[in-house]
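The values are calculated or read from the model by the stated rules, or taken from the named source; none is laboratory data. For clarity, every value in this text was computed on a predicted model and none was experimentally measured. Using ideal geometry, Cβ is built from the backbone for each residue, glycine included, and neighbour counts are taken over all protein chains shown. Heads up: the accessible areas ignore ligands, DNA and RNA and are worked out on the full protein's heavy atoms, side chains in. Shrake-Rupley method; radii C 1.70, N 1.55, O 1.52, S 1.80 Å.
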Amino acid sequence: MFTNSINPSLSPALKSQLEAQLNFTTELSCKMCDTAQQMSALHLRLAQELLQEWSSVSVQLLYARDTGELLSRAAARLQPGSDRLLQYRQQLGNLVANANVELNRTAEAHIPTASRTAVAFADEVMRKTAEEMEKATQRQRELIEKMHAGGHHDSAGHNRDTSRQADQAH
């Protein structure tokens, strides 16, 4: 997928971790987009049904002969409208519940890989850090040994170690 664009000079553990995160994020995004699309379709269907219903009710109310008939027709149309809204609420609840299940499944499918690659990357970082610390320590030891091997001279040009020995002899 997008993993071909990952810098090839990156460590394999880091590359694997980035791939796992990218795959996880991509799949979650797809699931969320699918849910948003389903919700939009549900909203649109409800709006169309309500508009059709209100159009039909408006025509019937216009042809009412008196106030009593107008109120009777209006009351008769309230129940189907509320039933439609109840059905919409149930469908929306089901859609959200299904989306939650899908997101959890996606997470359950990807988290073990993401965790494993994260641990591998952390192990690699720790190993490289320990190696670099060992190299730095070795360089410091070599530098100290060179300093001691070259000897330290005081301002008169005498070796400090021999001048100390001479001072101790007196």
Of 102, 108, the only residue that is touching a Lys or Arg at 6+ places or on another chain (Cβ under 6 Å), at pLDDT 90 or above, of a type in the set (D, E, K, R) and open to solvent by 60 Å² or more (accessible area, probe 1.4 Å) is 102
Restricting the search to the range 131-156, which residues are modelled with pLDDT under 90 and either within 29 Å of residue 10 (Cβ to Cβ) or aromatic (Phe, Trp, Tyr) (or both)? none
Which numbered condition residue 8 fails, given (1) modelled with pLDDT under 90; (2) closer than 30 Å to residue 126 by Cα; (3) surrounded by 10 or more Cβ atoms within 10 Å (Cβ to Cβ): (3)
Is it the case that residue 163 is more than 27 Å from the chain's Cα centre (by Cα), surrounded by 11 or more Cβ atoms within 10 Å (Cβ to Cβ) and modelled with pLDDT under 90? yes
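Tally up the residues in the range 26-52 that are loosely packed, with under 12 Cβ neighbours inside 10 Å and within 16 Å of residue 114 (Cβ to Cβ), please.
Residues meeting the conditions: 1.
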Give me the pairs: first residue in the range 93-110 and touching a residue at least 12 places away in the same chain (Cβ under 8 Å) and under 20 Å from residue 26 (Cβ atoms), second residue of a type outside the set (A, V, I, L, M) and open to solvent by 50 Å² or more (accessible area, probe 1.4 Å), beta-carbon distance under 6 Å, and six or more apart or on different chains, which are they? 102/31; 103/31; 106/27; 106/31
Please indicate, with yes or no, whether at least one residue in the range 61-77 is in contact (Cβ under 8 Å) with a residue 24 or more places away in the chain and either surrounded by 13 or more Cβ atoms within 10 Å (Cβ to Cβ) or within 30 Å of the chain's Cα centre (by Cα) (or both). yes
Residue within the range 118-130 that is modelled with pLDDT of 80 or more, loosely packed, with under 10 Cβ neighbours inside 10 Å, among the polar types (S, T, N, Q) and part of a helix (DSSP H, G or I) present: no
